[in-house]
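The values are calculated or read from the model by the stated rules, or taken from the named source; none is laboratory data. Keep in mind that what you see is a predicted model, and the values were worked out from it rather than measured. Positions of Cβ are generated from backbone atoms using ideal geometry, with glycine treated the same way; all protein chains shown enter the neighbour counts. When the accessible area is computed, the model is the full protein with side chains, heavy atoms only, and any ligands, DNA or RNA have been set aside. Shrake-Rupley method; radii C 1.70, N 1.55, O 1.52, S 1.80 Å.
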Amino acid sequence: MGMTMTQKILAAHAGLDHVEAGQLIEAELDLVLGNDITSPVAIKEMEKMNVDGVFHKDKIALVPDHFVPNKDIKSAQHCKCVREFARRNEITNYFEVGEMGIEHALLPEKGLTVAGDVIIGADSHTCTYGALGAFSTGVGSTDMAAGMATGKAWFKVPSAIRFRLVGKPAAWVSGKDVILHIIGMIGVDGALYKSMEFVGEGIRNLSMDDRFTIANMAIEAGGKNGIFPVDELAVAYMKEHSTKPYRIYEADEDAVYEEEYTIDLSSLQPTIAFPHLPENTKTIDEITEEIAIDQVVIGSCTNGRLNDLRIAAQVLNGRHVAPGMRCIVIPATQAIYLQAMEEGLLKIFIEAGAIVSTPTCGPCLGGYMGILAEGERCVSTTNRNFVGRMGHVDSEIYLASPAVAAASAVAGKISCPCRLS
């Protein structure tokens, strides 16, 4: 019986010739990630283990990004805890304010994630790095602590679902629309503890930013991880950003998949997830009622990359956000912020009536930089729209692509670029 991509990577890191779905293994880790919310818990747990330092100072990444710059005393204390731990253990990849960014955009940009790696992170969207052909998955802070101490983690080998992507997306259709379509099709538990493996000739029509977005939201379908084959575009990305050696794994022809789906990218439309689950999707053509909104957020680990900002700027250029509308744009890293500035994107945003924030996860988890009041509605490029996710329990979040979010900011209601005059 053959193995999937994910199973081959896990077998190699467990020192085994073969693994099967459901098998328990202990695998060597290439990277352990934590942020300013999850790391302090892991650090306290690690202190209970009475271990002598971390397993490898170069294979741990600590990224304060949720409440940074610190929004209050509690967040400042959390960041102080992480900062001092990094200093004590001489952590190479600790990113202070001025160097930081949203973790899942920052680590690939810094070249810390490459094909064939096994990566755990105390953040559920660690599955992002599957876009580069790595096995990456979110874990709890206790598992992060064990990973930092030992360089190993236990896994149950996941079974897999194969998604065959064909065709080319139409204008204003992006990776966000692809993954929202899939989640709407299979549900938020449709891939529970399974590997979501994306294949097919349609992948060549998806940018790396599209792929990062799709892999990032595998967890929103319950997936253990999302993963793409390594093609020329992925190799070029790794060569541009990383000096780490990478290893390409390919699924066996007789690999076993629990389910298989074919997605024709050319048939997709801009897709919006209605409150309060990512599976509550409608295409723009299915929305017949007028849904007025109060706020738009363009950013996050899902859609704060450079291409996302370029698309938003293309929509906002020469236009202005609707009266009374709050439009918040958050570049995902300092490098993206700088490039957006050099390309004139920030000028477009500000002239359109938007504000531009330093890199932060802030509004995505209801932290700061865009909290919703009772009864308010937000169109957001983030990845979750649970009850109270962005503020008051009686607020509403509509998940969408940067194109739809920007058009909605202009219209003052859910819209798309093709509907703007």
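Can we say Phe349 is farther than 25 Å from Pro278 by Cβ and among the aromatic types (Phe, Trp, Tyr)?
Numbers: farther than 25 Å from Pro278 by Cβ: yes; among the aromatic types (Phe, Trp, Tyr): yes.
Here the answer is yes, as Phe349 does meet what is asked.
Could you tell me which numbered condition Val188 fails, if it satisfies all but one of (1) open to solvent by 10 Å² or more (accessible area, probe 1.4 Å); (2) within 17 Å of Cys301 (Cβ to Cβ); (3) part of a loop (DSSP other than H, G, I, E, B)?
All conditions pass for Val188, except number (2).
Counting just the residues of region 39-81 that are assigned to a helix (DSSP H, G or I) and open to solvent by 70 Å² or more (accessible area, probe 1.4 Å), which one comes out nearest to Met390 (Cα to Cα)? Explain how you work it out, then say what you get.
Just the residues of region 39-81 that are assigned to a helix (DSSP H, G or I), to begin with: 39-48, 73-81.
In the following step, the residues that additionally are open to solvent by 70 Å² or more (accessible area, probe 1.4 Å) were identified as 41, 44, 47-48, 73-74, 77, 80.
Numbers: Val41: 23, Lys44: 28, Glu47: 33, Lys48: 34, Ile73: 21, Lys74: 19, Gln77: 23, Lys80: 25 Å.
Applying the filter and picking the extreme gives Lys74.
Does region 203-216 include one or more residues that are part of a loop (DSSP other than H, G, I, E, B) and either at negative phi or touching a residue at least 24 places away in the same chain (Cβ under 8 Å) (or both)?
Here is the first cut: in region 203-216, the ones part of a loop (DSSP other than H, G, I, E, B) are 206-207.
Checking which are either at negative phi or touching a residue at least 24 places away in the same chain (Cβ under 8 Å) (or both) leaves us with 206-207.
Yes, region 203-216 has at least one match.
Output the number of the condition that Met217 fails; it satisfies all remaining conditions of (1) closer than 20 Å to Asp308 by Cα; (2) open to solvent by 10 Å² or more (accessible area, probe 1.4 Å).
(2)
Which residues, taken from region 143-161, are under 21 Å from the mean Cα position of the chain (by Cα) and buried (at least 21 other Cβ atoms within 10 Å of the Cβ)? Write out each step before concluding.
Just the residues of region 143-161 that are under 21 Å from the mean Cα position of the chain (by Cα), to begin with: 143-144, 158, 160-161.
If the condition is that a residue be under 21 Å from the mean Cα position of the chain (by Cα) and buried (at least 21 other Cβ atoms within 10 Å of the Cβ), then Met144, Pro158, Ala160, Ile161 are the ones that fit.
Got a number for residues in region 355-376 being modelled with pLDDT of 95 or more and within 22 Å of Ile179 (Cα to Cα)?
0
Checking Ala21 against (1) over 24 Å from Val114 (Cβ atoms); (2) at pLDDT below 95; (3) surrounded by 14 or more Cβ atoms within 10 Å (Cβ to Cβ), only one condition comes out false. Which one?
For Ala21, the exception is condition (2).
Quickly run through region 355-366 and pick out the residues that are open to solvent by 10 Å² or more (accessible area, probe 1.4 Å) and not in a helix (DSSP H, G or I). Before you say what the answer is, go through the steps one by one.
Initial filter on region 355-366 (open to solvent by 10 Å² or more (accessible area, probe 1.4 Å)): 355-356, 358, 361, 364-366.
Passing the criteria: Ile355, Val356, Thr358, Cys361, Gly366.
Would you mind stating whether Ile248 is at pLDDT 95 or above, within 19 Å of Asn307 (Cβ to Cβ) and of a type in the set (Val, Ile, Thr)? Even if it seems obvious, please write down each step before you answer.
On the way: at pLDDT 95 or above: yes; within 19 Å of Asn307 (Cβ to Cβ): no; of a type in the set (Val, Ile, Thr): yes.
No.
Please state which of the following conditions Asn205 fails to meet, knowing it meets all the rest: (1) polar (S, T, N, Q); (2) open to solvent by 20 Å² or more (accessible area, probe 1.4 Å); (3) within 25 Å of Lys110 (Cβ to Cβ).
That leaves (3) as the condition not met.
Might you let me know whether region 164-179 holds any residue that is among the acidic types (Asp, Glu) and open to solvent by less than 10 Å² (accessible area, probe 1.4 Å)?
Checked against the condition, which is being among the acidic types (Asp, Glu) and open to solvent by less than 10 Å² (accessible area, probe 1.4 Å), region 164-179 yields at least one hit.
I'd like the full set of residues that are open to solvent by less than 40 Å² (accessible area, probe 1.4 Å) and hydroxyl-bearing (Ser, Thr, Tyr), limited to region 131-142.
Once the filter is applied, which keeps residues that are open to solvent by less than 40 Å² (accessible area, probe 1.4 Å) and hydroxyl-bearing (Ser, Thr, Tyr), region 131-142 yields Ser136, Thr137, Ser141.
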